[in-house]
Amino acid sequence: MNNKVQALFSALGSRYVNQLGFRDNWVFLGAKGLKGKSPFEEYIKNDQKTNKYDGWPELLEMEGCAPRKQD
């Protein structure tokens, strides 16, 4: 992922996009015009010592309701 793409995700509210590495697990829901960082983001670093699934980190799951943007 290049710097331009990272900047786009950051503008959508990501706090982890600049830390992502090979085989890291990341799930993200952002929004254009979001003030602050998104509460809908999870991240697990790929670490051979703690990986759960044959070279891959533990599975990420996220639940919740994304609020509808009010005009």
Here the averaged projected area of the chain, based on the convex hull of its alpha-carbon atoms and given in nm², is 5.5
The answer for Asp24, listing residues at least 5 apart or on another chain whose modeled amide H is closer than 5 Å to its amide H, is Asn46
Sequence order, the range 53-66: Karplus ³J(HN,Hα) from phi using 6.51 cos²θ - 1.76 cosθ + 1.60, θ = phi - 60°, Hz rounded, Gly and Pro as x, gives 10, 5, x, 10, x, 4, 5, 9, 9, 9, 10, x, 10, 7
Sparse-neighbourhood loop hits (trypsin sites (Lys or Arg not before Pro), the range 1-60; DSSP loop; Cβ within 10 Å at most 11 others) -> Lys32, Lys35, Lys49, Lys52
1/(1 + (r/R0)^6) with r = Cβ-Cβ of Glu61 and Ser10, R0 = 22 Å, i.e. FRET efficiency to nearest 0.05, evaluates to 0.40
The number of Lys pairs in the chain whose alpha carbons lie under 25 Å apart, excluding pairs fewer than 8 residues apart on one chain, is 8
About its Cα centre, the range 1-63 carries a charge dipole, from +1 on Lys and Arg Cβ atoms and -1 on Asp and Glu Cβ atoms, whose size in debye to the nearest 20 is 380
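Read the figures in this text as sums done on the coordinates, not as results from a lab. Keep in mind it's a predicted model, so treat the numbers as computed, not measured. Every residue, glycine as well, gets a Cβ built from its backbone with ideal geometry; the counts of neighbours run over all protein chains shown.
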